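Below is one structure, written out as structure tokens, with a few remarks after it.
The values are calculated or read from the model by the stated rules, or taken from the named source; none is laboratory data. Note that the structure is predicted; figures quoted are calculated from it, not measured. Note that we place each Cβ from the backbone using ideal geometry, even for glycine, and neighbour counts take in every protein chain shown.
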Amino acid sequence: MSKNSKSKNNNEGKRDFLIISTYAMAGIGAASVAWPLIDQMNPAADTLALASTEVDLSSLEEGQAITVTWRGKPVFVRHRTPEEIKLAKEVSLDEMRHPETDEERVPNEKFIVLVGVCTHLGCVPLGQKSGDIKGQYGGWFCPCHGSHYDHSGRIRKGPAPTNLEVPSYKFLSDNIIKIG
Amino acid sequence: MSKSKFKNPVVKWIDHRLPVFSFMDHELNHYPTPKNLNYFWNFGSLAGFALVTMIITGIVLSMNYTAHVDYAFDSVERIMRDVNHGWLIRYIHMNGASFFFIVVYIHIFRGLYYGSYKAPRELLWILGVLILLLMMATAFMGYVLPWGQMSFWGATVITNLFSAIPLVGESIVTWLWGGFSVDNSTLNRFFSLHFVLPFVIVGVVILHLVALHRFGSNNPIGIDVRGTQDTIPFSPYYTIKDLFGLSVFLSFFAAAVFFFPNFMGHPDNYIEANPMVTPAHIVPEWYFLPFYAILRAVPDKLGGVLFMFGAIVVLFILPWLDRSPVRSSQFRPIFKIFFWILFLDCILLGYLGAMPAEGIYVILSRIATAYYFFHFLILFPLLPYIEKTKPLPISISEPILGGGSTASAFAMREKK
């Protein structure tokens, strides 16, 4: 009697093991089939290959700005005037939502390079063209929900949580930068 | 009884208001199924699996495809080279179409051999033929989308079939094209239809299943189920058997996808469509070849088209062409021989469809076409008057249990 119940228990243990391992294998199989179907929505190889852009700044006069495309997004490059540089450097960090010094954000103080996408909900701020509204701090102003950015692209007023993003870039020569 | 069917309180709560769980329990779990089904009864569920695979991979491919004559070919090449796992998804879709047809053709020949189209399953059969037609339309339009040479010239030839219709033929073809040749408008509408028709197929498949579950599956000896002793519940017996069949199917499918992905395709379709040059030898995809052979066998434009579509139409009326009350070929010795002749005839037509339309191939195509129609239109109605069928078993259990007293006793008890 006791022998019978013991062998029954053993069989139940075996059965549980078989059921659990079968479901586990089925789960692994389903996940590995699902992955290619999900991953195909990630950037394709040709999209990744377009991930860097070179910009020639030699014709950009003081006070002027240009917008270039990088990964399908606008990148702002502005040649700042000495007054703008002074304002960006001297402002106190205490009054900022996202305190960063101008030196941290701009390796070459004449040229500021920013991803031109408002950190609030993704609109493109105004301030690149000469007639644009530049906001209370003279940098950029997002018309969608009223975020004001200063000469260093830092958020000073409005709903945006962080400063305008600085893309990774480097100077290939004095006047040519490579973004990405 | 139904109150205690589900233990989970959430399931119980939902099922009381929306009895989907009862429905699934009834149709997929307890569903009584003849206990003598052989492996040819696996192909219905395999076809369902193929349909789902095609829809899932197709939706994913459409996320990366551009339906425009200038971009279609390049977007497909981009899928093959740049999109993550794009080669895998496209090869599954491409070979999936072929395997879908392999499975469905076996499913159809199963129905022919065991008489599954006979009363009371006529509508079940007709819905199945409708699914086949929809599959053909979908597959044809899908083949156009990569915009290779075979896509373009296949589309041109098949749409031109409609020009054989007297009086309005040319207008219909212009309407199908949305222009004066196969062009961007054609490609766009084919993409739209190729996307939507699979969902129409899903709808007809649901009707096919409703009709199936009305009387349940036919079985290899083709006699009616007489009671619970002749059936076993669908789950676990046939769910496990279907899963085993699926794993065998997937082994072949994976072998094709990973090792011979272009075996059933045509190299000319990797050349971008050129409306100025027709390839030297154009052939449709293999699953259309028997019908293509019939088209070419008839030396008349309208006649060829009529015979080709007629080859499908005879399937629609098959339940009334076959006058024999005996379903399964196991008990029809002469019919059984002719079944295999028909099977070989279809294979021969497929071979001839791939050969150039000249010399001996034309003559053989005509003989094979004539046999096809002879089989359906003359043999099916007349054979029952000549053929002496073998005696049918008393019940499904009888041949399994050796025809002893047990089986007869079961049958007797059921009669009372």
Taking the stretch A:29-53 and the residues there that are in contact with a Lys or Arg (Cβ under 9 Å, 6 or more places away or on another chain) and at pLDDT below 90, the one that is farthest from the other protein chains (Cβ to nearest Cβ) would be A:T53
Residues located in the stretch A:103-124, provided they are touching a helix residue (DSSP H, G or I) at 6+ places or on another chain (Cβ under 9 Å) and exposed (fewer than 14 other Cβ atoms within 10 Å of the Cβ): A:E103
Looking only at the stretch B:68-96, and only at residues there that are more than 14 Å from chain A (Cβ to nearest Cβ) and surrounded by fewer than 20 Cβ atoms within 10 Å (Cβ to Cβ), the one that is farthest from B:Q330 (Cα to Cα): B:D70
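Per-residue answers, yes or no, for (1) surrounded by fewer than 15 Cβ atoms within 10 Å (Cβ to Cβ); (2) more than 20 Å from the chain's Cα centre (by Cα):
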{"position": "B:T156", "(1), (2)": "no, yes"}
{"position": "B:T159", "(1), (2)": "no, yes"}
{"position": "B:E170", "(1), (2)": "yes, yes"}
{"position": "B:G179", "(1), (2)": "yes, yes"}
{"position": "B:S192", "(1), (2)": "yes, yes"}
{"position": "B:L197", "(1), (2)": "no, no"}
{"position": "B:A211", "(1), (2)": "no, no"}
{"position": "B:F215", "(1), (2)": "yes, yes"}
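Which is at pLDDT below 90, out of contact with any Gly (no Cβ under 8 Å at 6 or more places or on another chain) and under 30 Å from B:D82 (Cβ atoms), of A:G13, A:G72? Let's see the steps before the verdict.
Numbers: A:G13 fails: under 30 Å from B:D82 (Cβ atoms).
Of A:G13, A:G72, the one residue that is at pLDDT below 90, out of contact with any Gly (no Cβ under 8 Å at 6 or more places or on another chain) and under 30 Å from B:D82 (Cβ atoms) is A:G72.
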Please verify whether the stretch A:4-22 includes one or more residues that are aliphatic (A, V, I, L, M) and within 14 Å of chain B (Cβ to nearest Cβ). yes
From B:T53, B:T66, which residue is farther than 19 Å from B:L243 by Cβ and not charged (D, E, K, R)? B:T66
What number of residues in the stretch B:19-66 are out of contact with any Ser or Thr (no Cβ under 9 Å at 6 or more places or on another chain) and within 14 Å of another protein chain (Cβ to nearest Cβ)? 12
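Just to be sure I understand, how many residues within the stretch B:242-276 are of a type in the set (S, T, N, Q) and either in a helix (DSSP H, G or I) or touching a strand residue (DSSP E or B) at 6+ places or on another chain (Cβ under 7 Å) (or both)? Even if it seems obvious, please write down each step before you answer.
From the stretch B:242-276, those of a type in the set (S, T, N, Q) are B:247, B:251, B:262, B:269, B:274; that's our starting set.
With either in a helix (DSSP H, G or I) or touching a strand residue (DSSP E or B) at 6+ places or on another chain (Cβ under 7 Å) (or both) added as a condition, the list becomes B:247, B:251, B:269.
Number satisfying all stated conditions: 3.
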Reported set for the stretch A:154-176 where residues are buried (at least 17 other Cβ atoms within 10 Å of the Cβ) and in contact with a Lys or Arg (Cβ under 7 Å, 6 or more places away or on another chain) is A:I155, A:N163, A:V166, A:Y169
Within the stretch B:205-218, does at least one residue satisfy the condition of being modelled with pLDDT of 95 or more, in contact with a Ser or Thr (Cβ under 6 Å, 6 or more places away or on another chain) and not small (G, A, S)? yes
Tell me the residue from B:L315, B:L246, B:L250 that is without any contact (Cβ under 8 Å) to a residue 24 or more places away in the chain, within 23 Å of B:S45 (Cβ to Cβ) and surrounded by 13 or more Cβ atoms within 10 Å (Cβ to Cβ), please. B:L250
Criterion: β-branched (V, I, T) and within 16 Å of A:F171 (Cα to Cα) - qualifying residue of A:V124, A:V117, A:V77: A:V77
Can you tell me which of B:P284, B:P267, B:P290 is in contact with a Cys (Cβ under 7 Å, 6 or more places away or on another chain) and not β-branched (V, I, T)? B:P290
